1. Please work out how much length the chain gains when fully extended from D152 to R20, using 0.36 nm per residue of separation minus the C-alpha to C-alpha distance, in nm with one decimal.
2. Would you mind telling me the antiparallel percentage of the DSSP bridges in the chain, rounded to 5?
3. All other residues with a Cβ under 13 Å from the Cβ of L156 taken together, and with Lys, Arg as +1 and Asp, Glu as -1, what is their net charge?
4. Treat every Asp and Glu Cβ in the chain as -1 and every Lys and Arg Cβ as +1, leave all other atoms uncharged, and give the resulting dipole magnitude about the Cα centre to the nearest 20 debye.
5. Go through P178, I212, P134 and say which Cα lies farthest out towards the positive end of the charge dipole of region 122-215; charges sit on Cβ, +1 for Lys and Arg, -1 for Asp and Glu.
6. For C273 and I46, what does the FRET efficiency come to when R0 = 45 Å and r is the distance between their Cβ atoms, rounded to the nearest 0.05?
7. Taking the chain as a Gaussian network, Cα atoms linked when under 10 Å apart, which of L218, L210, L51 shows the biggest mean-square fluctuation?
8. Suppose every K and R has +1 on its Cβ and every D and E has -1 on its Cβ; what is the size of the dipole of region 122-215 about the Cα centre, in Debye to the nearest 20?
Amino acid sequence: MMTMNSHTPVMVREVLQLLRPQPGEVFVDATVGLGGHSVEIAPRLIPGGWLIGIDRDPRALEVAGRRLEQFSGAIRVTLVHADFRELPQVLSARGLEGVDGILYDLGVSSMQLDSAERGFSFRFDAPLDMRMDPSRESITAADIVNRWSEVDLRRLIQEYGEEPAAARIARAIVQNRPILSTQQLAALVAKAVGRRGGHIHPATRTFQALRIAVNRELEGLQEAIEQAIRCLLPGGRIVVLSYHSLEARAVKRAFQRLSGKCICPPYTPECRCGAERMVHLLTPHALKPDAEEIALNPRSRSAQCRAAERLAAS
């Protein structure tokens with residue numbers, strides 16, 4: 001069972017150094033989750049600051065709300081049930097034309113992984129669900145596993161899971177349907193893949209692919225980061241934590257394009273990506289957690305941190 005105190009936010013020191021929250025500023029935690037980063041940002045906004053936390057998971061918002069109650073009266077705290085892609089609308093609805101800082105902590109939360117009934121992890125035997133927001137997402141992992149064609153399953157596992165054995169896994173799934181539980185699927189994938197070296201379970205990439213598809217995690221991600229940058233005031237900063245190469249690639253491209261670097265294919269005769277210089281990159285290369293943090297929090301091992309600062313309008 002996930003508790004408020006068992007959640008360990010990733011790369012807190014680096015996030016705070018890059019964001020530099022100051023008293024009276026307006027900050028957005030666009031994926032507030034259990035509030036781990038927000039409870040570190042909030043005291044730095046005292047007095048008179050405003051912290052806006054957004055999350056698509058209503059259960060996570062409840063936990064974040066309890067953790068942030070301690071700052072009531074010292075700063076303004078607003079929690080919003082929304083998708084991070086709706087950031088411009090969230091700000092507009094509150095009369096804000098810009099903010100001083102934005103944080104994105106992408107991917108699945110510890111609470112979701114540790115809640116057996118949510119079906120995110122094969123550590124527990126549970127129904128194949130994986131929806132971060134059951135009120136918005138109608139399709140479950142079970143729907144994909146039991147209804148999609150072998151061709152579509154192979155493509156999904158190959159593209160979103162970057163799984164070399166995608167063809168074998170898709171074939172095994174189709175031949176053994178219906179598949180209704182997490183451990184049933186994990187065992188099937190392990191058998192199809194065979195033995196592998198290392199400490200990663202053979203089903204990890206398949207579960208990642210299903211979770212990304214169910215929650216549309218990559219859909220419009222690059223555009224969402226670019227929209228967020230446009231929501232920053234001059235001198236405002238954005239920090240993004242990503243956890244797998246597909247996320248990291250989208251974030252990197254967004255930062256590159258709005259730092260003025262063309263992201264068109266090399267053979268393109270002229271720039272068509274619309275690159276414009278709106279930010280200065282604070283992290284020319286992604287930062288990663290150090291060995292001490294990984295030892296204390298193994299889930300941080302795949303994290304990549306990127307940051308940028310909004311330039312003044314020319």
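1. Going from the current span to full extension adds 43.1 nm.
2. 40
3. Cβ neighbours under 13 Å give a net charge of -1.
4. Numbers: 40 positive and 36 negative charges, 154 e Å.
With Lys and Arg at +1 and Asp and Glu at -1, about 740 debye.
5. The listed residue farthest towards the positive side: P178.
6. On the way: r = 41 Å, r/R0 = 0.91.
About 0.65, to the nearest 0.05.
7. L218
8. On the way: 14 positive and 10 negative charges, 72 e Å.
So the magnitude is around 340 debye.
No value in this document is a laboratory result; all are computed from the given coordinates. Predicted, not measured: the structure shown is a model, and the values here were computed from it. Glycine also receives a Cβ, built like all others from the backbone with ideal geometry; neighbour counts cover every protein chain displayed.
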